[in-house]
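Asks: Mind having a look at this structure? Questions to follow.
Rule-based calculations on the coordinates, nothing more; no lab input. Just so it is clear, the structure is predicted and the values come from calculations on it, not from any experiment. All Cβ positions, even for glycine, are placed from backbone atoms using ideal geometry, and neighbour counts span all protein chains on display.
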Amino acid sequence: MEDFYDPHTLERHCQEAWTRSQRYRALELPNRPKYYCLSMFPYPSGKLHMGHVRNYTLGDVLARYHRMKGFNVLQPMGWDAFGLPAENAALKQGVAPAEWTYQNIETMKGQLQALGLAIDWEREITTCRPNYYRWEQWLFTRLFKKGLIYQKTGTVNWDPVDQTVLANEQVIEGRGWRSGALVEKRDIPMYYLRITAYAEELLQDLERLDSWPEQVKTMQRHWIGRSEGVTLGFKLADRATDLKVFTTRADTLYGVTYLAIAAEHPLAQECARQDPRLAAFLLECRQGSVAEADLATQEKKGFPTSLQAIHPLTGHLLPIWVANYVLMTYGEGAVMAVPAHDQRDYEFARDHGLPSKTVIRPVTGEAPTDAAFTGEGILCHSEDFDGRTSADAREKMALVLEALNSGGRQTKFRLRDWGVSRQRYWGCPIPLIHCPSCGTVPVPEDQLPVVLPEEVSLSGTGSPLKQDASFRATTCPTCGNPAERETDTLDTFFESSWYYARYACPDAPAMLDERVDYWLPVDQYVGGVEHAILHLLYARFFNKLLRDEGLIRTDEPFTRLLTQGMVLKEGSKMSKSLGNTVDPQALIDTFGADTARFFIIFTSPPEQSLEWSDSGVQGAHRFLKRLWNFAAQYQARRQVKGDGQTLETPHVRHEVHRLLQQATHDMERQQFNTVTSAAMKMLNALEKIAGVNDPLAQEGLSFLLRMLAPITPHISDTLWQQLGFGESILDEPWPTPDPQALERKSVELVLQINGKLRGTLSVPTHLAAEEIEKMALSHPSVEKFLQGKSPRKIILVPQRLVNIVL
C-alpha cells in the first residue's frame, strides 16, 4: 500500500468500483428486513451548500450502518425541480427555467456523487419531468371529481407590477420583494385541497409517531389548532339576520362591547356602498400582507358601520366595526370583541375610544391595568354566572345559548384548506378545462399528461401560459366544443408531498404499484426542522389521500424523523447574503470527501447546530492521515518475518471492545459524533501497542475500519482491501464486542508521587485497597523516590490512580 494518504485517488477509485458493481442498487427482497432511508430531496439551485452536505451525510451514515446490520437498504435521490426561484434566475440570466434547472441538476448530481453517498441512482426522480407530474395530475382529477379539490375565491397577496401572487414571506414591509410595488389584497379564484377533512386524523395520529421529535409534533398540533367552543349568533337590529361568530371563551360573553368584522365581509361591503369614507377604508385594507403573524403586530385600524347587533343574553345594542385585524378567511369573518380579556380587542378599543368591561377576575392577585387579562378566573359582572369558574361558566353558557337557539357547541380547527394553485409558469399544469357550456371539467386520463411547454421566454410580468394561445386552446372532452385550459400551476409542495412513494416504483406505468407495499413507510426521514409544518404536514395528508385511493396501505409516511441543526459560521447561519458560505466542492477538492464527512459528523450531535471551524476540518484530515499511517506501519511489520513482540495487553483489548460497544450504542441512538470520538480513542489505544501486540492491532483495526465505514467509506474500504481483511468492507457486518473482553480482569492505574506522574500499575480488578498500596510502594518507579522513607499519606482513587504523598 502507499506510504501516504492520497484521498483524491482512492476516492475516485472507490466510487468508480461501486458504480461498476451497482453496490447500492435496491431490490425488493421479501426474505430480508427492509430499511428505507430518505433525506429530503434538494431544490436544484446550482450548487450544494454545507446544509446539503450535512443532511445527506447523516442519511448516508444511517443507510450504510443498517446495511452492515443486515437490512435490505433503499436510499434514493431526486430533485424538487419546480418553483419560483427558477423563474427569477431565468429572468436574471436570460435562459428558460427548464434549461437552467437541468444544468443545475447535472452539476449538483456530480457533487453528490463526489461525496460517495450510497444512493440508488436508478431511482432518480425529477419533479419537472412529465413522467413524474403526470401522476399527480391523474390524482388531481380523481380528487376533483370526489370534491376533495374545489375552487373558490381566496384573498391573496398580489403584486400589481409582476402580476403574480406572493407568498407571505415575499412581502417585505408591505411591498413585493422583487418589484418593490405596494402589495394588494386581491380576491382571485383559487383551487383548494380539502385538508380540513383530515384535520382530526392528522391531529390524533401524531400520538402514534413515537420516533418523531416532540418539537415537531408540538408545532403541528399548534398549526392544526383544534379548538372547542361555541358558535353564536348576534341578531342585527332592524334585520332578521344574524352575525355569526365563533369563540373559545364563552365565559367572557358578558364583556362584549362591540363586534368587529373583516373588510371583505358582505356586511362591510354592503355598508360601504352607502358610505364613501368606509369604502375608502376598505380600499386601504386591501394593502398589506394577509399573513396572520403580520396581523398580530400591525397597527389596529378600524371604521364604524351604521349597523348594530343585539347581545343574545343582555339585549344590549353593540356597535359593529370593520377592523383590519379580522380576516374573512378565519372563522366567520367576525369576532365578538372583549377588550378587557383579549389583547387585540384591548388595543383596538383603546385606540378608538370604545368601552371595556371586566367580567373575569384572577383567582389570586390583581388583573393588569395596562393590558387585557387573558387568563382563566372567576366570573364577575355576569349576572347569574357570577362566582363560577371560567371552565364551569363555559359549559353552562353553552347550554343556555342552545336553549335560546342563539348558538351551540362546535369544534373548529385553525388549519385551513390548502390553496394549491399558483399564477406562475414553472410548475405542474393544473389538468382542468374551462368550457362555456359544461363549466370546469377535468382532463381525461388518456389525455394526460398536460405537458408544460419548456421553450418559453419570460418577460417578468404574468405567466407565459396565459400568453400562449396554443397551450390554452383545446376542446371540451364532454361536448367537443372549443374550450380553454387552466393556466394556473400547482404549488410545488404538491410534488414534494408524495415523492417518497414514487421512489419505491419510479418506472411504474401507474402512479404507484405493489412495490410500495414492500418499502413503505419510510423507516428514517432526515431533513431540517424548518419543514416541520408545511412539508411534513402535507406529506402526512397526502399519505392518507393515497391510502384512501387504494394506492398504499400505510397511515403515516415516515416512521422515524431526524431533524438536523443548521450549519453556522461566525455565530450565524451560512448565507450568500451574509457572505459567510463555505463551498463544499472546494473542501472536497482540498481534503477529500471523507474529511468533509468526518468533520460534519464529529463536530456536533445531529439535531444541534454545527459551528464551522477551519481548524476542525484540518483536525479531521489529520486523524485520517494518522489512521492511514498506522495501517501502513502495521502492514510493513506483517511483511517482515519475526518482527514485533506479542505481549499480554488485556487492558488495551478491554478498551478496544468497550469503545466498540459504546459506538454501537451511540449508532443506535443516532449520536454519531460520539461514534467518531470512540474511533479516535480506539486509534489512540492501538498506537500504544503498535509493534508489541500485532494480533490485537489486527483485531482493533478490523473493528475501527468497520466503525468508520458508514462515516468515511472510501478510506475504510481501501484499507480493508489492502490489509487483506476481505474483498470489500461494504459486504461486512457491523462488528460485535467479545463479552469476555468486556469483563475487566485488571485495571491500569496511574502512579503519582506528590501529584506528579511517575508510571502506571496494572492490578487485578477486585484487589483490596491494602494490596494495591503494597504493589504501588514496591513498584520500581516508586521505590527510587522513597529511598527507605515512609509515605505520609497514600491517596487511592478506585479504578483511576494512586497518589503517594511524601
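Asks: Using Cα-Cα distances under 8 Å and only pairs 6 or more residues apart, what relative contact order does the chain have, in percent?
Replies: Values: 1434 pairs, mean separation 116.3, N = 806.
Once normalised by length, the contact order is 14 percent.
Asks: Considering Cα pairs under 8 angstrom that are at least six residues apart, work out the relative contact order of segment 449-500 and quote it in whole percent.
Replies: Taking the mean separation of contacting Cα pairs over the length of segment 449-500, I get 20 percent.
Asks: Take the Cα atoms of segment 746-805, build their convex hull, and give its volume per residue in Å³.
Replies: Spread over its residues, the Cα hull of segment 746-805 gives 69 Å³ apiece.
Asks: Kindly rank 400-408, 110-118 from highest to lowest mean number of other beta carbons found within 10 Å of each residue.
Replies: 110-118, 400-408
Asks: Quick one: Cα centre-to-centre distance for segment 666-689 and segment 5-29, in angstrom?
Replies: Taking the Cα centre of segment 5-29 as reference, the centre of segment 666-689 is 25 Å away.
Asks: Starting from the amide H of A309, placed 1.01 Å from N in the peptide plane, find each other amide H under 5 Å away whose residue is 5 or more places distant or on another chain.
Replies: Excluding prolines and chain starts, which carry no amide H, the hits are A237, L318, I320.
Asks: Rounded to the nearest whole Å³, what is the per residue volume of the convex hull around the Cα atoms of segment 423-488? Before the final figure, lay out the partial values.
Replies: Values: hull volume 5.6 nm³, N = 66.
Convex hull volume per residue, Cα atoms: 84 Å³.
Asks: Among the DSSP beta bridges whose two residues both lie in segment 746-805, what percent are antiparallel, rounded to the nearest 5? Don't skip to the end; give the middle numbers.
Replies: Working: 13 of 17 bridges.
Counting DSSP beta bridges with both partners in segment 746-805, the antiparallel share is about 75 percent.
Asks: Got a sec? Charge dipole of segment 746-805, +1 on Cβ for Lys and Arg, -1 for Asp and Glu; which of H779, I753, V763 is way out at the positive end?
Replies: About the Cα centre, the residue reaching furthest to the positive side is I753.
Asks: When you count, for each residue, the other Cβ atoms within 10 Å and take the mean per peptide, how do 512-523, 2-13 rank with the highest first?
Replies: Details: 512-523: 18.8, 2-13: 15.5.
The most tightly packed comes first, giving 512-523, 2-13.
Asks: Would you kindly derive the ³J(HN,Hα) couplings of segment 489-499 from the backbone phi angles with the Karplus curve 6.51 cos²θ - 1.76 cosθ + 1.60 (θ = phi - 60°), listing them in order in whole Hz, with x for Gly and Pro?
Replies: Karplus values, whole Hz, x for Gly and Pro: 10, 7, 3, 5, 5, 4, 5, 7, 8, 9, 4.
Asks: On to the next question. Take the Cα coordinates of segment 624-742, assign each an equal point scatterer, and use the Debye formula without solvent to give log10 I(q)/I(0) at q = 0.12, 0.14, 0.20 Å⁻¹.
Replies: -0.40, -0.55, -1.14
Asks: Can you give the Rg and Dmax of the chain based on its C-alpha atoms, in angstrom?
Replies: In order Rg, Dmax, the Cα atoms of the chain give 34.3, 115 Å.
Asks: Amide H neighbours of V567 under 5 Å, at least 5 residues apart or on other chains, H built in the peptide plane: list them.
Replies: When sequence neighbours closer than 5 places are left aside, the close amide H contacts are M574, L610.
Asks: Using Cα centres only, tell me the gap between segment 51-73 and segment 707-774 in whole Å.
Replies: 26
Asks: When the label point is put 7 Å from the Cα of K688 along its Cα-to-beta-carbon vector, which residues of segment 755-792 have a backbone N closer than 16 Å?
Replies: Residues 757-765 fall inside that zone.
Asks: Now, a different point. Could you work out [θ]222 nm for the chain from helices alone, using -39500 (n - 2.57) per DSSP H run of at least four and dividing by all its residues? Round to the nearest 500 deg cm²/dmol. Display every interim value, and only then the final one.
Replies: On the way: 28 runs with 302 residues, N = 806.
My calculation for the chain gives -11500 deg cm²/dmol from helical runs alone.
Asks: Mind listing the Cα extents of segment 528-667 along all three principal axes, in Å, largest one first?
Replies: That gives 71, 44, 25 Å along the principal axes, largest extent first.
Asks: Could I ask something else about it? State, to one decimal in nm, how far the label point of R32 lies from the label point of E122, with both points 7 Å from Cα in the Cβ direction.
Replies: Going from the R32 label point to the E122 one covers 1.3 nm.
Asks: With charges set only on the Cβ (+1 for Lys and Arg, -1 for Asp and Glu), what does the dipole of segment 746-805 come to about its Cα centre, in debye to the nearest 20?
Replies: 320
Asks: Nearest 5 percent is fine: what portion of the DSSP beta bridges confined to the chain is antiparallel?
Replies: Here the share of antiparallel DSSP bridges comes out near 75 percent.
Asks: For T358, what is the net charge nearby, where nearby means another residue's Cβ is under 15 Å from its Cβ and Lys, Arg count +1, Asp, Glu -1?
Replies: Around T358, the charge tally is -4.
Asks: To the nearest 0.05, what FRET efficiency results for N481 and D583 with a Förster distance of 60 Å applied to their C-beta separation? Write down the numbers at each step before the final one.
Replies: Values: r = 57 Å, r/R0 = 0.95.
Once rounded, the FRET efficiency stands at 0.60.
Asks: Just subtract the alpha-carbon distance of E201 and H381 from 0.36 nm times their residue separation and send over the number in nm, one decimal.
Replies: That pair, E201 and H381, stretches by 60.8 nm at full extension.
Asks: Restricting everything to alpha-carbon atoms, can you work out Rg to Rh for segment 388-517 with a Kirkwood hydrodynamic radius?
Replies: Rg/Rh for segment 388-517 comes to 1.22.
Asks: Work out the length of the dipole vector of the chain about its Cα centre, built from +1 on the beta-carbon of each Lys and Arg and -1 on the beta-carbon of each Asp and Glu, and round it to the nearest 20 debye.
Replies: 1400
Asks: Would you grab the residues whose amide H sits under 5 Å from the one on Q410? Only those 5+ places off in sequence or on another chain, please, with H modelled 1.01 Å from N.
Replies: Residues meeting the criterion, in which the H sits 1.01 Å from N, are G229, V230, T231.
Asks: Which order do the peptides 138-149, 422-433, 481-492 come out in when sorted by mean C-beta neighbours inside 10 angstrom, highest first?
Replies: Answer by packing, highest mean first, reads 422-433, 481-492, 138-149.
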